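Visitor: Below you'll find the structure I mean.
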Amino acid sequence: MRFFLQLLVTGVALGSIYALIALGFVLIYKSTRIINFAQGELVLIGAFTAFAFLSQAGLPPALALPLTIVVAVVLGFTVERLLLRPMLGEPVIAVIMVTLGLAGILKGSARAIWGSVNRPFPDIFPALSLTLFGVGIPGPFLWGCLIAGVCLVAFTLFFRFSGWGVMMRAAANHQAAALSVGIDVRRVFALSWAIAAAVAALGGVLLGAINVIDMNLGAIGLKVFPVVILGGLDSIPGAILGGLIIGVLENLSGGFIEPWVGGGVKAVAPFVALLLILLIRPYGLFGTREIERL
Amino acid sequence: MLLEINNLEVLYNEVVLVLKGLSLAVPEGRIVALLGSNGAGKTTTLRAVSGLLKHENGAVTQGTITYQGARIEGRPAHEIVRRGIVQVMEGRGVFDELTVEDNLRAGLAVRGGGRRAAGELETAFGYFPVLKARRRQVAGYLSGGEQQMLVIGRALMTRPALLLLDEPSLGLAPLVVGELFRIIQRINREAGVSILLVEQNAQMALTIADHGYVMEGGRIMLDGPARELQDNRNVREFYLGLTEQGALKSYRDVKHYVRRKRWFSS
């Protein structure tokens, strides 16, 4: 029982970080219908940028983390302006290929700058521990869960209530109508990319604090797919719930099934769950069905 | 003149010439009706003014659009909305996944995303009380008439000086059309918003308009005060379906004679 709870709680923590990263993916898909295959590489770049500021430049976390976010936001704006905006109105498959190319460029640059060895991530969070139901939760997991949770709530409120949030939802819902009431949809797209890059970077930092960072961090981008497809590609609450489910599922299958069948179950389980859920609910858990008026 | 279009030429996809030298004017505070059959170029005219042409792969290749003394052809849509022109698209482009209130708030984009939304919301609800009752509902589930009211209300949130309405009566029951046109007239009179109205329902449009233009094949063929157009024999036969006696005439009787006839010839 204790083992189960341990896995459950760390799974929730991991899952909330997945949810945060997936949020960026959903945001881009929702407003631009682009499937961003570079989301994982944005995580990678974010984590290594933080590493560079913290370990290589020796800055304190209070300075390094905001700087990392700023770099990510600038990267997001730049990518949108240089690569995606010229692709407006081009076929979806062409745009997807652009994001694949972007993933390659980002990964290659990271490898060129930081090399392909494992890097220990410095301790950035004050020691913190909590015992829940007799299970001790390690500090980095607790911080990860806490920060990701706060960000998810903040973004949900932002989309729900702020003027920009309404504009982003409007542009995502009906682009021509958004243009007709004076919403500058290009700025909405740019903002989507900036937010996506920022949450990816933050996710990278939180994952780094839990584990070491290396060049395989970009593979998290693949894990985003079960998360978002599970929740429904265009639903933010769906991404949050999907993230939690995948995080927990991964941990539980890793803990309980893996000892019986040998390695690899942890990596496969999310995709098995994905297939099963899509058989029952093709729109995902929260995906939009077309509204039909009767 | 609030809006003046001069000798406008519009090309879609660099090959399809839709407007071939169109000229019209909207005086301040008036309602101007733009009539014409399908494919005459009415919607294109509105898009050219509102800047939505680019989104449809169209471009102004010749001529000028002057609004409050400034040339606006080819400017981006959000800039034109900020200048005070807003287009209500044909076919009610509501944000169907958003609530009625969020639909309205989206109209505040040009003024910084809408912090002080309360005043504008009350104005919109003043014209369309139905929307107030349904403000928390998802817009996709509103009736056709309510959706049309919502998009007009949303356009009013931008505080326009000139409202471009594209077939507001499309697909609505006659009773609803009557109510809608009364509200459009009120918006014109009470808020002083000038209106350029594109309509298939010519009878209805000419009753509330001050001036009317009739388009055909990308040009203006006829224009005059709305009352005169209503009495014009050709307009009556083409659009109002009425003969001299005022009786309804079957389309079959009209077709051989009038369909081939051009406006020039009369």
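The values are calculated or read from the model by the stated rules, or taken from the named source; none is laboratory data. All of these numbers come straight from a predicted model, not from anything done at the bench. In this analysis, Cβ positions are derived from the backbone assuming ideal geometry, glycine residues included, and neighbour counts consider all displayed protein chains. The area values use the complete protein model at the heavy-atom level, side chains included, leaving out ligands, DNA and RNA. Shrake-Rupley method; radii C 1.70, N 1.55, O 1.52, S 1.80 Å.
Visitor: Got at least one residue in the range B:60-70 being within 19 Å of A:ALA176 (Cβ to Cβ), touching a strand residue (DSSP E or B) at 6+ places or on another chain (Cβ under 8 Å) and either in contact (Cβ under 8 Å) with a residue 60 or more places away in the chain or not basic (Lys, Arg) (or both)?
Guide: Within the range B:60-70 (the criterion being within 19 Å of A:ALA176 (Cβ to Cβ), touching a strand residue (DSSP E or B) at 6+ places or on another chain (Cβ under 8 Å) and either in contact (Cβ under 8 Å) with a residue 60 or more places away in the chain or not basic (Lys, Arg) (or both)), the answer is yes, since at least one residue qualifies.
Visitor: Taking the range B:20-66 only, how many residues are polar (S, T, N, Q) and within 15 Å of the chain's Cα centre (by Cα)?
Guide: 6
Visitor: Same structure, new question: Identify the single condition in (1) in contact with a Phe, Trp or Tyr (Cβ under 7 Å, 6 or more places away or on another chain); (2) acidic (Asp, Glu); (3) in a loop (DSSP other than H, G, I, E, B) that A:GLU80 does not satisfy, given that it satisfies every other one.
Guide: (3)
Visitor: Do we find a residue being small (Gly, Ala, Ser), crowded, with 20+ Cβ neighbours inside 10 Å and in a helix (DSSP H, G or I) anywhere in the range A:150-161?
Guide: No, the range A:150-161 has no match at all.
Visitor: Here's a follow-up. Check every one of the strands (runs of 3 or more DSSP E) wholly within the range B:1-110 and list those with 2 or more residues that are within 24 Å of B:ARG159 (Cβ to Cβ) and facing chain A (nearest Cβ under 8 Å).
Guide: So the answer is B:85-88.
Visitor: Also, quick follow-up: Looking at B:GLY119, is it small (Gly, Ala, Ser), more than 8 Å from chain A (Cβ to nearest Cβ) and over 21 Å from A:LEU179 (Cβ atoms)?
Guide: Yes, satisfied.
Visitor: For the range A:1-15, which positions are open to solvent by 10 Å² or more (accessible area, probe 1.4 Å) and either under 11 Å from the mean Cα position of the chain (by Cα) or in contact (Cβ under 8 Å) with a residue 24 or more places away in the chain (or both)?
Guide: Hits for the range A:1-15 are A:ARG2, A:PHE3, A:PHE4, A:LEU5, A:GLN6, A:LEU7, A:LEU8, A:VAL9, A:THR10, A:VAL12, A:LEU14.
Visitor: Within the range A:165-265, which helices (runs of 4 or more DSSP H) (wholly inside it) include 3 or more residues that are away from every other protein chain (no Cβ under 14 Å), open to solvent by 10 Å² or more (accessible area, probe 1.4 Å) and within 30 Å of A:MET1 (Cβ to Cβ)?
Guide: It comes to A:185-210, A:236-256, A:258-261.
Visitor: Let me confirm something: among A:ARG85, A:ARG111, which residue is within 14 Å of another protein chain (Cβ to nearest Cβ), of a type in the set (Lys, Arg) and part of a helix (DSSP H, G or I)?
Guide: Matching residue, one of A:ARG85, A:ARG111: A:ARG85.
Visitor: Hey, another quick one. What residue, of B:ASN188, B:ASN234, B:ASN201, is at pLDDT below 90 and open to solvent by less than 40 Å² (accessible area, probe 1.4 Å)?
Guide: B:ASN234
Visitor: Within the range B:137-159, does at least one residue satisfy the condition of being crowded, with 16+ Cβ neighbours inside 10 Å, of a type in the set (S, T, N, Q) and touching a Gly at 6+ places or on another chain (Cβ under 8 Å)?
Guide: For the range B:137-159, residues crowded, with 16+ Cβ neighbours inside 10 Å, of a type in the set (S, T, N, Q) and touching a Gly at 6+ places or on another chain (Cβ under 8 Å): present.
Visitor: Here's a follow-up. Scan the range A:120-149 for residues that are assigned to a helix (DSSP H, G or I) and in contact (Cβ under 8 Å) with a residue 24 or more places away in the chain and report the count.
Guide: 9
Visitor: Working only within the range B:90-119, note down all residues that are touching a strand residue (DSSP E or B) at 6+ places or on another chain (Cβ under 6 Å) and crowded, with 23+ Cβ neighbours inside 10 Å.
Guide: Residues satisfying the conditions do not exist here.
Visitor: Are any of the residues in the range B:64-76 among the polar types (S, T, N, Q), at pLDDT below 90 and in the same structural domain as B:ILE220 (by TED's automatic domain parsing)?
Guide: no
Visitor: Within the range A:120-146, which residues are buried (at least 18 other Cβ atoms within 10 Å of the Cβ) and modelled with pLDDT of 80 or more?
Guide: A:PHE121, A:PRO140, A:PHE141, A:LEU142, A:TRP143, A:GLY144, A:CYS145 - these are the residues of the range A:120-146 that are buried (at least 18 other Cβ atoms within 10 Å of the Cβ) and modelled with pLDDT of 80 or more.
Visitor: Say we look at the range A:87-119 and pick out the residues that are open to solvent by 80 Å² or more (accessible area, probe 1.4 Å) and over 24 Å from A:LEU202 (Cα atoms); which of these is modelled with the lowest pLDDT?
Guide: Looking at the filtered set, the residue picked out is A:GLY89.
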